[in-house]
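Peer 1: First the structure, then my questions, so here it is.
A short reminder: the numbers here are calculations on the coordinates, not readings from a lab. Model, not experiment: these values are computed from the prediction. Quick reminder, even Gly has a Cβ in these numbers, built from the backbone with ideal geometry, and neighbours come from all protein chains shown.
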Amino acid sequence: MAHHALIMLAAGIGVPVLAALNAALGRYIGSPAVAGAVLFIIAFAVAAITALLTNPQAVAKLPTAPRHLFLAGLLVAFYVLSITWIAPTMGVGNAVFFVLLGQLISAAAIDHFGLFTAQTSPLTLTRAAGIALMAAGVFVTQKV
């Protein structure tokens, strides 16, 4: 379980790095949309190679998967395109703070209601206070 936490920590570290790199690419070439497309081309190649090497038979199950599960692709595209467009003007730190706040709120709702077959974890007063503290932190960073 500790290695899972380390992997997710590394993924979390990667989010602002991804935002900064892609925003810089978008500025350099003059198009956040093209920068996002390049990111997805590279990500697709890495994911496709990984899928083919680790579980190629899973591809056969795709036609039977519930269609709503594919909306995740739209959400990741929205994230990448929005952070690539907004980070250069808002700053990577500020943009990622709002992303993190949104993640905490949606994660709490998903866990509380067990949405999308997630493990249920009730929204306690302590968890709600943590989200409120994060919101206060975002507010303070915007006022400085």
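Peer 1: Can we say residue 133 is aliphatic (A, V, I, L, M), touching a residue at least 24 places away in the same chain (Cβ under 8 Å) and within 21 Å of residue 12 (Cβ to Cβ)?
Peer 2: The answer is no for residue 133.
Peer 1: Criterion first (of a type in the set (D, E, K, R) and touching a residue at least 12 places away in the same chain (Cβ under 8 Å)) does residue 127 satisfy it?
Peer 2: When the stated conditions are applied, residue 127 passes them.
Peer 1: Please go through region 26-40 and pick out each residue that is surrounded by 10 or more Cβ atoms within 10 Å (Cβ to Cβ) and free of Cβ contacts under 8 Å to residues at least 24 places away in the same chain.
Peer 2: Within region 26-40, 29, 31, 34, 37, 38 meet the criteria.
Peer 1: Could you list, in sequence order, the residues of region 103-117 that are surrounded by 13 or more Cβ atoms within 10 Å (Cβ to Cβ) and either in contact with a helix residue (DSSP H, G or I) (Cβ under 7 Å, 6 or more places away or on another chain) or under 24 Å from residue 15 (Cα atoms) (or both)?
Peer 2: 103, 104, 105, 107, 108, 110, 111
Peer 1: Here is a further query. When residues of region 109-144 are filtered for being of a type in the set (S, T, N, Q) and assigned to a helix (DSSP H, G or I), how many remain?
Peer 2: Residues that pass the stated criteria total 4.
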